[in-house]
Amino acid sequence: MARDILDEIIENKRTELIRQKQAVSPAELRTRVMDREPRPKDYRSLRAALCQSKSGIIAEFKRKSPSKGWIHPEAKVADVLPTYERSGAAACSILTDSDFFGGSLGDLREARSLVKLPLLRKDFIIDPYQIDQALLAGADAILLIAAALSPDQYDELADQAHEAGLEVLLEIHDEAELDYIRPNTDVVGINNRHLGSFHTDVATSFQLADLLPEDMVKISESGLSDGTTIRRLREAGFRGFLVGESLMRHVEPGDALAALIQEIVCE
């Protein structure tokens with residue numbers, strides 16, 4: 001039963017991909033990738049941004065979630081993303097899943113036109129087609145979830161992303177998934193939310209932190225809403241902190257981010 005929600009999301013994603021490939025074939029999408037403007041050499045690096053940032057906050061844009069329902073249904077990228085940048089986010093995460101999170105690739109494209117921060121495409125990526133989509137929409141990094149992929153699938157997708165110039169955030173939740181880490185893994189995210197039950201426990205990050213390679217850039221994801229917890233995570237070796245729901249519940253998510261960063265950097 002623990003994997004029910006994740007299984008439902010992945011099954012839905014496969015159906016969604018069938019529709020998308022009927023509308024734009026993989027060959028046509030690949031042609032668009034090949035015809036695009038060359039990626040600049042000084043592209044935005046999520047890893048570098050986290051290493052250089054005082055706060056390490058990856059501010060997330062999402063309208064709803066499977067566990068909480070609608071969070072901020074009327075939220076607009078144009079209203080939120082520039083305020084995230086002004087408030088001091090190190091990077092931004094854009095939910096592009098429509099059915100479960102209320103997002104779209106259009107949100108990612110719009111975000112790219114508005115901010116210079118590194119952008120993470122956050123979705124349930126299971127097919128190389130989605131990497132081409134991410135590249136064309138302006139992502140700098142993609143999320144690959146260990147719980148949704150076999151090790152071979154992860155390797156294939158990570159290799160394609162790297163060939164395209166995209167960084168990979170590998171998301172894990174338990175000790176068994178440490179086996180997915182490779183020498184060329186860019187960033188590892190520990191999701192405090194179990195993707196089967198959607199139960200959240202920040203202790204997950206603390207429990208796994210010491211098991212990760214010492215030089216690995218580590219991100220704690222989910223259930224983060226206060227500066228005290230984030231400072232404790234930083235002391236445990238984390239450089240990045242993905243924060244979404246606690247920001248998006250505010251009328252002005254950018255103001256909520258500014259207050260959180262103030263709490264983090266001013267002890």
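A short reminder: the numbers here are calculations on the coordinates, not readings from a lab. On a predicted model such as this, the values are computed, not experimentally measured, just so you know. Note that we place each Cβ from the backbone using ideal geometry, even for glycine, and neighbour counts take in every protein chain shown.
General observations
- Per residue convex hull volume, Cα atoms of the chain, in Å³: 120 Å³
- Relative contact order (%) - criterion: Cα under 8 Å, at least six apart; region: segment 128-206: 25 percent
- Counting every other Cβ atom within 10 Å of each residue's Cβ, Arg19, Arg47 order from fewest to most as Arg19, Arg47.
- Cα gyration tensor shape for segment 3-85, rounded if a/c is under 1.5, else prolate or oblate: oblate
- Which listed pairs, of Lys21/Lys122; Lys76/Lys218; Lys76/Lys116, have C-alpha distances above 25 Å, in listed order: Lys76/Lys218
- Among Leu224, Leu178, Leu211, the residue with the largest mean-square fluctuation in a Gaussian network model of the chain, with springs joining Cα atoms closer than 10 Å, is Leu211.
- Gap separating the Cα centres of segment 60-92 and segment 93-169, nearest whole Å: 17 Å
- Relative contact order, percent, the chain [alpha-carbon distance under 8 Å, six or more residues apart]: 21 percent
- For q = 0.17, 0.19, 0.21 Å⁻¹, Debye-computed log10 I/I(0) when each Cα of segment 66-146 counts as one equal scatterer: -0.66, -0.82, -0.99
- If you sort the three axes of the alpha carbon gyration tensor as a ≥ b ≥ c, you get a/c under 1.5 for segment 20-159, which makes it rounded.
- Debye log10 I(q)/I(0) at q = 0.11, 0.17 Å⁻¹ for segment 108-263, Cα point scatterers: -0.44, -1.08
- Comparing Arg231, Arg121, Arg63 in a Gaussian network model of the chain, where Cα atoms under 10 Å apart are tied by springs, the biggest mean-square fluctuation is seen for Arg231.
- Residue-count net charge about Gln207 - beta-carbon cut-off 10 Å; Lys, Arg +1, Asp, Glu -1: -4
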